[in-house]
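Notes follow once the structure below has been shown.
The values are calculated or read from the model by the stated rules, or taken from the named source; none is laboratory data. Fair warning: this is a prediction, and the values are worked out from it, not measured in the lab. Cβ placement follows ideal geometry from the backbone for every residue including glycine, while neighbour counts extend to all protein chains displayed.
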Amino acid sequence: VLEFVFYLVDYIGEAVRLRPESTKKLAKARDEAFKEFARMAEQEKQEALAKVLADKRRAELEEVEKMSPDQRRKWEEKDRKRQLKKEQNKRTRRVK
């Protein structure tokens with residue numbers, strides 16, 4: 001649908017003689033529509049990535065539930081260290 005809008009705006013701009021102000025408005029409308037389209041595509045991409053990460057984490061936690069207490073303790077210690085390292089990286093980036 002949005003591709004049709006781009007096509008229509010381009011077609012009107014080329015096929016019909018318009019005043020310069022109208023041509024500028026068409027170009028501006030096309031740019032805004034393209035930015036909106038790109039923003040929506042990026043948002044969908046981020047949502048898909050978040051879903052994949054959540055599914056991965058859920059599967060990992062299900063595996064942990066099946067582990068013996070000793071294995072679970074080792075996994076929890078590794079996870080805690082991983083989280084601490086992640087937090088340190090975030091703090092370091094903020095300082096820069």
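Results, tabulated for the structure shown:
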item: Members of region 28-44 that are closer than 19 Å to Val1 by Cβ and not small (Gly, Ala, Ser); result: Arg30, Asp31, Glu32, Phe34, Lys35, Glu36, Phe37, Arg39, Met40, Glu42, Gln43, Glu44
item: Cβ-Cβ under 8 Å pairs, at least 6 apart or on other chains, region 66-84 side on the phi < 0 side of the Ramachandran plot, far side in a helix (DSSP H, G or I) and among the aliphatic types (A, V, I, L, M); result: Arg72/Val64; Trp75/Val64; Glu76/Val64
item: The one condition in (1) among the aliphatic types (A, V, I, L, M); (2) in contact with a helix residue (DSSP H, G or I) (Cβ under 8 Å, 6 or more places away or on another chain); (3) at pLDDT below 80 that Ala29 fails to fulfil; result: (3)
item: Output for region 71-96, where each listed residue is at pLDDT below 90 and either in contact with a strand residue (DSSP E or B) (Cβ under 7 Å, 6 or more places away or on another chain) or of a type in the set (A, V, I, L, M, F, W, C) (or both); result: Val95
